[in-house]
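J.: My structure is below; once you've seen it, I'll send some questions.
The values are calculated or read from the model by the stated rules, or taken from the named source; none is laboratory data. Remember, predicted model here, so these are calculated numbers, not experimental data. Don't worry about glycine lacking a Cβ; one is built from the backbone with ideal geometry, like all the others, and counts go over all protein chains shown.
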Amino acid sequence: MNETPASRSRLATVIFLLFAPTLTCKLLGYHAVLWFVEQIALATGSLKALSQAGLGGLAVQAVSLSLLTGLLWFFSRDERYRPVYAGWFGAALFAFPALGLRLLGPNNDQAGALAQTLLALLGAGVALFLRRGQIAWNPAALPAGLLIAAIGIAPLAVYGAPGAPADIFLQLLAGLAFGLFAAALTSTSTENGFLDGLGIGALLAMLASAFGYDGGQLILLGLLPPFAFALSALASSVAAQAVVTGLLTAAGLMFFDPTELTILLGDLGIVALQAVGLAIGLGWLAGGLAWGARKLLSGQDWTQIAIRLGAGFAWAALFVLYFLTGHHGFYGDRLFVLLKDQADISDVAAIPNRNERLKAAYSRLTAHASASQADLRQTLDALGIRYTPYYLVNALEVDGGLLVRLYLTSRPEVDRVIPSPRLRPVPPPETTYGEATTIWEAPGWNIKMIGADKAWEEFGARGQGIVIGQSDSGVDGGHPALAAQYRGAQQGDDYNWFDPWEGTRSPNDEGGHGTHTLGTVLGKDGIGVAPEATWFACVNLNRNLGNPALYLDCMQFMLAPFPQGGNPFTDGDPTRAAHVLNNSWGCPEIEGCDPESLRVAAEHLRHAGIFVVVSAGNDGPSCSTITAPLSLYDAVFSVGAVDRDGNIAEFSSRGPVTVDGSGRMKPDLVAPGVDIFSAMPGGTYAPNSGTSMAGPHVAGVVALMWSANPNLIGDIERTEQILIETATPYSGQFEMGCFEGGIPNAAYGYGIVNAYEAVKRAVEMRDQ
């Protein structure tokens, strides 16, 4: 007669079943909510208190789960579950040191991987010491572990894209260290594969939620627990368990950059969800197959041979699958190195001739950068480190990681080193089209609201002779509202199109943002403010993300365009420079910028006589939400958004600027930015909202002013003064957001841009 030992009870099993599966599911849901709250804070910029939700949430988890699992371990007397609870308790405690990972911030993958490795190895060392004598390594089970790992990695290898080689190496170390730690904590003492799997799943969920950060925790939380049942089938081998968990974790870290999961992009999350969803299904399948093989094939002489052959075939198939369908190459982040010795060209503003002024600015900036960067470039060349030099800011973008960063910060000529993140090619690009194929209203309500149509009719000012420089996601060069105004339509694409992202050789736009904003500047048939201005363009955004170097690539191209494949330092032609720049973008911390990173670039453009218009950002309605370059700088003209009733848009970012300690009042003006109808790729049209839509109105108004009075060209201060003095006073609602100050005001600056009055004043000055 079989009797249940006194140390076992059905109640213990019921308690275990109450906690094990719910812990896994609740942790995934809990961290999804925390991540979403952080993303809302990031996207709005006005909920700073919520930006550390992940850190605070993990701290709450560390305390609560340590208390819960500690009590379960302390009070349990059931010999089956007590070791499981001990492992849970160790996993819960791991959240305390892992809190430091949440302080790393975005774009610090190599430092993060090193920190993860050290924490996991420390935890593994403690766990292995405490369980000494109880660990069964059994390396003979390693082929089975490798087979299971290959199955789980396959969807990530197909859908994702790897980082730089150094990233891959460090993330592999981090993953294997995590696998060793998890295996050292794992207990399969319930004598029941299903219960063992539930226990391992909860353990992995607790460890994954603490080990991942910046969004990576969601990938690991989805990926690892489904393989718990396969791991329970490998109970006889800590080595095999460590390899499975370690390789799966490493793949989750390698193939998706968690910084790119941000809802600011809004597209990678879907791809990552698809990959992890497939991996979840494969995890359950692998568990079933592993237990089936263990039951049916154990003891067979040929089993080990079959498993070894299966593992080899699975890994060969994985590599074939990756090279046939995956994203080849390495896509690591880079470093943006700012030097201390920045040029001062403020005196070129006194040169009366526009072309001579531009040429002087270009020659002095390039000469200064070449001379001051010479020693550093020579060293990088000798070390075989790739880099791109810049002159509009005396800086270099360097293809290197943590060790290179440490070296560069020690150089006496280096001021600081900041991240220069690069997007991985996930998901593949898809063109965004508009919902309309014809124009709804000509001229649009926004054109009439600022009086641009009246300026056309009364003064004949339509932007003729003025060149707009557009730095954005690109432009659909064949769009009927934009094609005729492209400077390259007559001159060719040399000096008129630059794509530092993908190297395309003629105007195109997958995202649609650039086509829409340029359409508001100068689109034909009533959608644009200055329909007879011409344009040339540069791509600085991909999937709505850039970095300091790419923004600078385009700003340099605006000052001194160069031919396809040309050298910006030697082949630039400043006589082809833009008159007015439209910049419907910002460079926040997630893209690598700090408040000062592009300031001197904006100042140099102003000294050269180029009018720089910048959208204020969409982080309102709170005060001091104008935080990202370029909009916070005094050298640029920043623009917020109003709707068709003249009310400040809730999303429109507000001043005063506090991030750089200046306290300056921004924006300078506001313009229509809600439901603005404009061009989209493929000859289509659509309404969009944002300060990105507002800034182009002011760029167009400057083009009208300068076409009406060429004497104003390059006179930035007088042009700004006219825009300010002729602005329509704000008379909209004051209920929503920050309206600090009088005039200028933190919400609307000096008022709403008035194209008719600004052109009228410009004409009066011309005729005096």
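J.: Just to verify a result, which residue in the stretch 499-511, among those that are over 19 Å from Asn544 (Cβ atoms) and touching a residue at least 24 places away in the same chain (Cβ under 8 Å), is surrounded by the fewest Cβ atoms within 10 Å (Cβ to Cβ)?
T.: Start the filter on the stretch 499-511 by keeping residues that are over 19 Å from Asn544 (Cβ atoms), which leaves 503, 505-506.
Okay, now just the ones that are also touching a residue at least 24 places away in the same chain (Cβ under 8 Å), so 505-506.
Values: Arg505: 12, Ser506: 14.
By that ranking, first place goes to Arg505.
J.: Of the residues that sit in the stretch 329-356 and are in a helix (DSSP H, G or I) and within 37 Å of the chain's Cα centre (by Cα), which one is surrounded by the fewest Cβ atoms within 10 Å (Cβ to Cβ)?
T.: Ser346
J.: State which residue pairs qualify: first residue without any contact (Cβ under 8 Å) to a residue 40 or more places away in the chain and inside the stretch 250-276, second residue assigned to a helix (DSSP H, G or I) in any location, beta carbons under 7 Å apart, and separation of 6 or more residues or different chains.
T.: Pairs found: Gly269/Leu261.
J.: Condition test on Asp643, is it out of contact with any strand residue (DSSP E or B) (no Cβ under 6 Å at 6 or more places or on another chain) and over 29 Å from Cys593 (Cα atoms)? Write out each step before concluding.
T.: On the way: out of contact with any strand residue (DSSP E or B) (no Cβ under 6 Å at 6 or more places or on another chain): yes; over 29 Å from Cys593 (Cα atoms): yes.
Yes.
J.: On to the next question. Take the stretch 716-744 and flag every residue that is in contact (Cβ under 8 Å) with a residue 24 or more places away in the chain, assigned to a loop (DSSP other than H, G, I, E, B) and either under 22 Å from Asn353 (Cα atoms) or not hydrophobic (A, V, I, L, M, F, W, C) (or both).
T.: Listed by number, the residues that qualify are Thr726, Tyr730, Ser731, Gly732, Gln733, Gly737, Glu740, Gly741, Pro744.
J.: To continue, here is another question. Given the conditions (1) at negative phi; (2) in a loop (DSSP other than H, G, I, E, B), and given that Val600 satisfies all but one, which numbered condition is not satisfied?
T.: Of the numbered conditions (1) at negative phi; (2) in a loop (DSSP other than H, G, I, E, B), the odd one out for Val600 is (2).
J.: Another question, then. Quick one: which residue in Tyr407, Tyr391 is farther than 25 Å from His516 by Cβ and free of Cβ contacts under 8 Å to residues at least 12 places away in the same chain? Even if it seems obvious, please write down each step before you answer.
T.: Numbers: Tyr391 fails: free of Cβ contacts under 8 Å to residues at least 12 places away in the same chain.
The match here is Tyr407.
J.: If the requirement is being within 26 Å of the chain's Cα centre (by Cα), more than 30 Å from Phe569 (Cβ to Cβ) and either crowded, with 24+ Cβ neighbours inside 10 Å or in the same structural domain as Trp706 (by TED's automatic domain parsing) (or both), which of these qualifies: Gly519, Gly546?
T.: Values: Gly546 fails: more than 30 Å from Phe569 (Cβ to Cβ).
Going through Gly519, Gly546 in turn, the sole match is Gly519.
J.: Quick one: in the stretch 231-243, of everything that is crowded, with 24+ Cβ neighbours inside 10 Å and among the polar types (S, T, N, Q), which residue is modelled with the highest pLDDT?
T.: Gln241
J.: Only one residue in Leu67, Leu147, Leu103 is at pLDDT 95 or above and out of contact with any Phe, Trp or Tyr (no Cβ under 7 Å at 6 or more places or on another chain). Which one? Don't jump to the end; show me each part of the working.
T.: Values: Leu147 fails: at pLDDT 95 or above; Leu103 fails: at pLDDT 95 or above.
Leu67 is the lone residue from the list that is at pLDDT 95 or above and out of contact with any Phe, Trp or Tyr (no Cβ under 7 Å at 6 or more places or on another chain).
J.: Still on this structure, I have one more. Applying the selection to the stretch 718-768, what residues are over 18 Å from Asp643 (Cβ atoms) and among the aromatic types (Phe, Trp, Tyr)?
T.: Tyr750, Tyr756
J.: A further question follows. Determine if the stretch 521-536 includes at least one residue that is touching a Ser or Thr at 6+ places or on another chain (Cβ under 9 Å), more than 23 Å from Pro427 (Cα to Cα) and part of a strand (DSSP E or B).
T.: Among the residues of the stretch 521-536, not one is touching a Ser or Thr at 6+ places or on another chain (Cβ under 9 Å), more than 23 Å from Pro427 (Cα to Cα) and part of a strand (DSSP E or B), which makes the answer no.
J.: Name every residue in the stretch 745-764 that is in a helix (DSSP H, G or I) and surrounded by 15 or more Cβ atoms within 10 Å (Cβ to Cβ), in order of residue number. Before the answer, list the steps.
T.: Taking the stretch 745-764 and keeping what is in a helix (DSSP H, G or I), we get 755-764.
Within the stretch 745-764, Ala755, Tyr756, Glu757, Ala758, Val759, Lys760, Arg761, Ala762, Val763 meet the criteria.
J.: Could you say whether any residue in the stretch 692-704 is at pLDDT below 95 and within 32 Å of the chain's Cα centre (by Cα)? So that I can check it myself, show each step before the final result.
T.: Keep residues of the stretch 692-704 that are at pLDDT below 95, which gives none.
The answer is no, given that none of the residues of the stretch 692-704 is at pLDDT below 95 and within 32 Å of the chain's Cα centre (by Cα).
J.: Kindly provide the set of residues from the stretch 68-100 that are assigned to a loop (DSSP other than H, G, I, E, B) and among the polar types (S, T, N, Q), ordered by number. Before you say what the answer is, go through the steps one by one.
T.: Filtering the stretch 68-100 down to residues assigned to a loop (DSSP other than H, G, I, E, B) leaves 76-81.
Across the stretch 68-100, the qualifying residue is only Ser76.
J.: Follow-up question, since we're still on this one. Give just the number: which of (1) polar (S, T, N, Q); (2) surrounded by fewer than 19 Cβ atoms within 10 Å (Cβ to Cβ); (3) touching a Gly at 6+ places or on another chain (Cβ under 7 Å) does Thr22 not satisfy?
T.: Condition (3) is where Thr22 drops out.
J.: Any residue at all in the stretch 686-703 that's touching a Pro at 6+ places or on another chain (Cβ under 8 Å), over 18 Å from Ala461 (Cα atoms) and surrounded by fewer than 17 Cβ atoms within 10 Å (Cβ to Cβ)?
T.: no
J.: Hey, does the stretch 543-565 have a residue that's modelled with pLDDT under 95, under 22 Å from Ile418 (Cβ atoms) and in contact with a His (Cβ under 9 Å, 6 or more places away or on another chain)?
T.: Yes, the stretch 543-565 contains a residue that is modelled with pLDDT under 95, under 22 Å from Ile418 (Cβ atoms) and in contact with a His (Cβ under 9 Å, 6 or more places away or on another chain).
J.: Need pairs with beta-carbon distance below 7 Å; first residue assigned to a loop (DSSP other than H, G, I, E, B) and within the stretch 132-155, second not hydrophobic (A, V, I, L, M, F, W, C); sequence gap 6+ or separate chains.
T.: What qualifies is Ala136/Ser236; Ala136/Ser237; Trp137/Ser237; Asn138/Ser236; Asn138/Ser237.
J.: Any residue that is part of a helix (DSSP H, G or I) and touching a residue at least 40 places away in the same chain (Cβ under 8 Å) - is there at least one of those in the stretch 670-682?
T.: Here is the first cut: in the stretch 670-682, the residues part of a helix (DSSP H, G or I) are 681-682.
Narrowing the set further to residues that are touching a residue at least 40 places away in the same chain (Cβ under 8 Å) leaves 681-682.
Yes, some residue in the stretch 670-682 is part of a helix (DSSP H, G or I) and touching a residue at least 40 places away in the same chain (Cβ under 8 Å).
For every residue, the table says whether it meets (1) β-branched (Val, Ile, Thr); (2) surrounded by fewer than 16 Cβ atoms within 10 Å (Cβ to Cβ); (3) out of contact with any Pro (no Cβ under 9 Å at 6 or more places or on another chain); (4) over 30 Å from Ala272 (Cα atoms).
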site	(1), (2), (3), (4)
Thr438	yes, yes, yes, yes
Phe459	no, no, yes, yes
Gly465	no, yes, no, yes
Tyr486	no, no, no, yes
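So that you can scan it fast, the table gives a plain yes or no per residue for (1) surrounded by 21 or more Cβ atoms within 10 Å (Cβ to Cβ); (2) in a helix (DSSP H, G or I); (3) of a type in the set (S, T, N, Q):
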residue	(1), (2), (3)
Cys538	yes, no, no
Tyr551	yes, yes, no
Pro561	yes, no, no
Thr575	no, yes, yes
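J.: Tell me the residue from Leu581, Leu605 that is assigned to a helix (DSSP H, G or I) and not assigned by TED's automatic domain parsing to the domain that holds Leu42, please.
T.: Values: Leu581 fails: assigned to a helix (DSSP H, G or I).
It is Leu605.
J.: A further question on this structure: Tell me yes or no: at least one residue of the stretch 627-647 is surrounded by fewer than 24 Cβ atoms within 10 Å (Cβ to Cβ), under 25 Å from the mean Cα position of the chain (by Cα) and either touching a residue at least 24 places away in the same chain (Cβ under 8 Å) or not in a strand (DSSP E or B) (or both). Outline the logic, then answer.
T.: Just the residues of the stretch 627-647 that are surrounded by fewer than 24 Cβ atoms within 10 Å (Cβ to Cβ), to begin with: 627, 634-635, 643-647.
Cutting the leftovers down to under 25 Å from the mean Cα position of the chain (by Cα) gives us 627.
Narrowing further to those that are either touching a residue at least 24 places away in the same chain (Cβ under 8 Å) or not in a strand (DSSP E or B) (or both): 627.
Scanning the stretch 627-647, I find at least one residue that is surrounded by fewer than 24 Cβ atoms within 10 Å (Cβ to Cβ), under 25 Å from the mean Cα position of the chain (by Cα) and either touching a residue at least 24 places away in the same chain (Cβ under 8 Å) or not in a strand (DSSP E or B) (or both), so the answer is yes.
J.: May I pose another question? Condition (residue is touching a Phe, Trp or Tyr at 6+ places or on another chain (Cβ under 9 Å) and modelled with pLDDT under 95) applied to the stretch 343-360: is it met by at least one residue? Explain how you work it out, then say what you get.
T.: Taking the stretch 343-360 as the starting set, the residues that turn out to be touching a Phe, Trp or Tyr at 6+ places or on another chain (Cβ under 9 Å) are 343.
Cutting the leftovers down to modelled with pLDDT under 95 gives us none.
Looking through the stretch 343-360, none of the residues is touching a Phe, Trp or Tyr at 6+ places or on another chain (Cβ under 9 Å) and modelled with pLDDT under 95.
J.: Residues to consider are Gly222, Gly246, Gly269; find the one that is buried (at least 23 other Cβ atoms within 10 Å of the Cβ) and of a type outside the set (Val, Ile, Thr). Spell out the reasoning first.
T.: On the way: Gly222 fails: buried (at least 23 other Cβ atoms within 10 Å of the Cβ); Gly269 fails: buried (at least 23 other Cβ atoms within 10 Å of the Cβ).
Gly246 is the lone residue from the list that is buried (at least 23 other Cβ atoms within 10 Å of the Cβ) and of a type outside the set (Val, Ile, Thr).
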